[in-house]
Amino acid sequence: MLSRRRAPKARQHGLAEGGRHSPSLEASRRLVGRRRRGRRGRGARTLTDLRSRETFSRDLRNSLRPRYIDKHPFMRLLYKGELSKKQMQAWIINRFYLQNNIISKDAAILSNCPLPEIRRIWMSRTIRREGLERPPGDVEGWLMLAEAAGLKRVDVLAARCLPGVRFAVNDLVNFARRASWLEGISTSLYEIPAREELARRIESLRRHYGWIRADGMKFFLSRLAQLDRDSQVVLEIVMKHCTTREMQDRAIAAALSMSDVTWSIHDAVYMNYVIEDRSLLDSL
């Protein structure tokens, strides 16, 4: 998260949507709740007026679009090929902290879920993403990217990361522990529009960052192939178990909270390695 001291500079560089201005996980839920009450007070549709699958998907995408990670200044630089080797390595190191903690989030969801059929679905997804069925999994795949970018595996695994990154990711894991299992799963609705962004990222890495070995792209390519399946599984669960309009709103709020987490990670990297020129050791 961005500190108050850095906030004015952050606004100059297009960060007002993120950083300390990004709602936390709990704040996002409160914000949606206030909007919901306001609409109801003006005679809008009742909370029992469930969205159809098509309408829910449209509302989700419309809510995510202005705050999705492809809008972040750091990612815009990445797409244009304007990041230095150090900036790319800093991004890989700090982004790995999220990747390495997704298993903790998924474990919390499994622990909170009383429904065997959902646990089986989520456990199967977790096993696959951990690479236990067909390696490499997400964590190993990201480590392969790090090595392809000239980083040492042992350094990435032991990295402390930036404080803002740790705060955002730890907040996500704690949210999954405290929230309902359905809200925990709903954070993964964030992946529904991810295919377009990931395809753009792969194309940019290949075009502009030739110093990253080609084998480092295997993780992104495997995720690209899995994203549609994974996101549809999440959507099926949410549509089946969100039985009121309010529950659907909370599911969208959870997805927006995940967007806030990824935005905050990129805020921290952008502030420390683009606006400022910190040593890579600050992330290790």
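Taken together, the values in this text are just the output of simple stated rules run on the coordinates, not laboratory data. Remember, it's a predicted structure, so these values are computed and weren't measured experimentally. All Cβ positions, even for glycine, are placed from backbone atoms using ideal geometry, and neighbour counts span all protein chains on display.
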Need the full-extension length gain, ARG119 to ILE103, defined as separation in residues times 0.36 nm minus the C-alpha distance. One decimal, nm. 4.4 nm
Could you work out the relative contact order of region 152-284, using alpha carbon pairs under 8 angstrom and six or more residues apart, expressed as a whole percent? 48 percent
Cα-based count: Lys pairs in region 50-276 below 22 Å, eight or more positions apart or different chains? 10
For THR262, THR126, THR187, what ranking results if the residue with the fewest other Cβ atoms within 10 Å of its Cβ goes first? THR126, THR262, THR187
